[in-house]
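Worksheet: the structure to be examined is printed underneath.
Any read-out appearing in this document is the output of simple, stated calculations on the displayed coordinates, not a laboratory observation. What you see is a predicted model; the values in this text were computed from it and never measured. Note: ideal-geometry Cβ built from the backbone for every residue, glycine included; neighbour counts use all protein chains shown.
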Amino acid sequence: MVLRALLLAVAVTVLPGFMAQARPSRLNEADHLFWSGKGMQALALYQNLLSECTATETLSGASQEVQAAASTGILRSCLRFGKHDLAEKTLALISQAQPPQAEPLTWAGNYAEYRGRLQEARDYWNKALQADPMALEARYRLAEATSVLSSSSERVIPYRWFLEKYKQNSAFSPTDLEWIGRACVRLEK
């Protein structure tokens, strides 16, 4: 009886810490599954990770990062597989997340745009930029959405920001360079 109580006490104190440490590797596994063509398996893993992160009322910094990455993965998967009910639930969760995170907000905007809800998409991208002014995908998507409404001479104005940032700093990730490159193509047209 004492041994069971001791094992239970150890499990209650050690297991949550172990699971929290295992989350990043499971997140990497889910990303690998997604990009290697096993998206439905990845979606299930993203959902499990998100459930674990949201099971507690307060999230540590690491759990917030995993929650943001899992939410992003779910939206990517929902766009690919048409799981709109799940996407809508994830959008609600992303909207309530504190502090707001740029990447899931960007993907929320991408999803809203895909569904034809352009004002909602712009709102998500603006929130992503409030969370992180260097969220280049959100900035680019917002530039695309607003340049359509601008006159031909004003269409390039939002894209100049990318070129100026690139001239100021050359330490960008490959993903960021993609958005800078796309903006430069728009400047050339």
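Data table
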read-out: At R0 = 41 Å, FRET efficiency that the Cβ-Cβ distance of Q98 and E188 yields, to 0.05; value: 0.50
read-out: Segment S36-W161, length gained on full extension (0.36 nm per residue, minus Cα span); value: 41.6 nm
read-out: P(r) of the range 43-189 over all Cα-Cα pairs, binned every 5 Å from zero, in whole percent; value: 2, 10, 18, 20, 18, 15, 9, 6, 2, 1, 0
read-out: Pairs of alpha carbons in the range 107-160 whose separation is greater than 14 Å (percent); value: 49 percent
read-out: Segment Y114-E178, extension gain: residue separation times 0.36 nm, minus the distance between their alpha carbons; value: 21.0 nm
read-out: Rounded Å value of the spacing that divides the Cα centres of the range 156-170 and the range 25-42; value: 33 Å
read-out: Cross-link pairs K83/K189; K167/K189; K89/K165; K89/K127 - those with Cα-Cα distance over 26 Å; value: K83/K189; K89/K165
